[in-house]
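Novice: Take a look at the following structure, please.
Every read-out reported here was derived from the displayed coordinates using simple, explicitly stated rules and does not represent laboratory data. Only a predicted model underlies this, so the values are computations on that prediction, with no experimental measurement involved. All Cβ positions, even for glycine, are placed from backbone atoms using ideal geometry, and neighbour counts span all protein chains on display.
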Amino acid sequence: QVQLVESGGGLVQRGGSLRLSCAPSGIIFSIKAMGWYRQAPGTQRELVAMVTSGGSTNYADSVKGRFTISRDYAKNTVYLQMNSLKPEDTAVYYCNVDTSTITYWGQGTQVTVSS
């Protein structure tokens, strides 16, 4: 069973930056999109950013201009560069890989932004 391995979360002050990484532990075929979701306590999981196999990107309005998603196609690794972080960005961030037959989720990495 392929797993998604996430890294890069942590504690940062308001205005700081973090970079999240996500790589599969094995080969995943027929990837349609890779992305990041987040879930804060008491809220539903929401899309943060995604990149399709064709290179199109989509961002939540709340992170546009601050976050950048990128993908290394050779390694099937997806990154989320987060700049100008705000306390409201505090959440568990989950990596997501969507294929034609199955959707994979990472275990989540905590991002905490202090004020």
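Novice: Over segment 1-56, what lengths in whole Å, largest first, do the semi-axes of the equivalent ellipsoid take, defined as the square roots of 5 times the eigenvalues of the alpha-carbon gyration tensor?
Specialist: Its equivalent ellipsoid spans semi-axes of 24, 14, 13 Å.
Novice: For segment 1-108, just the Cα atoms, rotate onto the principal axes and tell me the three extents in Å, largest first.
Specialist: Sorted from largest, the Cα extents of segment 1-108 read 38, 25, 22 Å.
Novice: What trypsin sites (Lys or Arg not before Pro) in segment 31-81 are in a loop by DSSP, with at most 14 other Cβ atoms within 10 Å of the Cβ?
Specialist: Passing both the DSSP loop test and the Cβ count: Lys64, Lys75.
Novice: Any idea what the alpha-carbon Rg over 2.2 N^0.38 Å comes to for segment 51-114?
Specialist: Normalised Cα radius of gyration, segment 51-114: 1.20.
Novice: On to the next question. Please name whichever of Ile28, Val2, Val12 sits farthest to the positive end of the charge dipole of the chain, dipole taken about the Cα centre and charges placed at Cβ: Lys and Arg +1, Asp and Glu -1.
Specialist: The one lying farthest along the dipole's positive direction is Val12.
Novice: Using the crude model of +1 on Lys and Arg Cβ and -1 on Asp and Glu Cβ, and no other charge, please compute the dipole size for the chain relative to its Cα centre, in debye to 20.
Specialist: For the chain, the charge dipole is close to 160 debye.
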